[in-house]
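Asks: Here it is: the structure, laid out below.
Just so it is clear, none of the values below were taken in a lab; they were calculated from the coordinates. Model, not experiment: these values are computed from the prediction. Here the Cβ positions follow ideal geometry from the backbone for every residue, glycine too, while neighbour counts run over all protein chains shown.
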Amino acid sequence: MSQQLFTGTGVAIITPFREDGSIDFKSLEKLLQHVTGYGADFIVALGTTGESVTLSGDEKKAVVNYVTDVVDKRLPVVVGMGGNNTQDIVHSIKKWDFDGINAILSVTPYYNKPSQNGLFMHFKSIAEISPVPVIIYNVPGRTSSNISAETTIKLAREVKNIVAIKEASGNMSQIMNIIKNKPKNFQVLSGDDILTLPMIALGGAGVISVIANAFPGEFSGMVRYAMAGDLSKACELHYKLLDMIEAIFAEGSPAGIKAALAILGISANHLRLPLLPVSEEHYKKIASLVKRLQ
């Protein structure tokens, strides 16, 4: 599997819900057609944005099966398979049907607060059993566990099946050290929409994005310009989207992006507890920004 599959704009898709909390597959298809038709390079299902921690095992399988059917190999599909129980993840991978799945996105273990050696062994265990490439997901703001640059580089060099990292630490010094010292074929992807442009300018390979659910054309255009070295045009799109990017995260994600998608008529504004929709006042602000971008 070529690592080049995981460059450019990956979209961390939401999981649309109906008012009764059930999964809205019709809206999921609408979203997938929206992002695949407007510049996405790959799709990421069951990530943080997909509220994966609120889905049952059967629901996760149903979502992945639906995504792979709709995408129909037009783009690579990455599936979130992570957690804080290494043995359970390995067991799940062994049982999973990977037809139509091109990679795993595996988040840093949360709550346990493992050592750097524990993190290394955790991801090594997952990668050794996975039949598809593994993308590490470092998001210490959610997990309270940061993968150091040294550990990331060690995994990239020593574990062949680990091909990329989604870096959402916000620590630019750490990110630059990874980019500087990584093997040539290891990809560093932005995990923060707002830092995507500077990360690409420093040598990053792309992004796994939230804002691209709503504005895949504009955001993927920014990424393409940045990767082609046209920073002037990339900056123009970056600043065009800046207020919206800040707004969709202001009251938590994916609440903000679900509000934007509801305003665009792509899916309803429903989340599963413990998450709630954005406030009425903030919804109006997002609506104003959506109107400005249309």
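Asks: Which of the peptides 136-146, 67-77, 8-18, 284-294 is most tightly packed, and how do the rest follow, going by the mean number of other Cβ atoms within 10 Å of each residue?
Replies: In decreasing order of mean packing, 136-146, 67-77, 8-18, 284-294 become 8-18, 136-146, 67-77, 284-294.
Asks: Determine, for each peptide in 86-92, 54-60, the mean count of other beta carbons within 10 angstrom over its residues, then list the peptides with the highest first.
Replies: Numbers: 86-92: 14.7, 54-60: 13.1.
Descending mean neighbour count gives 86-92, 54-60.
Asks: Okay, next question. Can you compute 3J(HN,Hα) from phi for each residue in the stretch 59-69, using the Karplus curve 6.51 cos²θ - 1.76 cosθ + 1.60 with θ = phi - 60°, rounded to whole Hz and x for Gly and Pro?
Replies: Listing the rounded values in order: 5, 4, 5, 5, 5, 5, 4, 5, 4, 5, 5 Hz.
Asks: Take the Cα coordinates of the chain, assign each an equal point scatterer, and use the Debye formula without solvent to give log10 I(q)/I(0) at q = 0.13, 0.14, 0.15 Å⁻¹.
Replies: Each listed q maps to, in turn, -0.85, -1.01, -1.17.
Asks: Only Cα pairs within less than 10 Å get springs; with that Gaussian network setup on the chain, which residue of S27, S130, S173 has the largest fluctuation?
Replies: Ranking S27, S130, S173 by mean-square fluctuation puts S173 first.
Asks: Which of the aspartates and glutamates could be linked to K30 by a straight reach, that is with a Cα gap under 19 Å, when you skip same-chain ones fewer than 8 residues away?
Replies: E19, D41, E51, E59, D69, D72, E218
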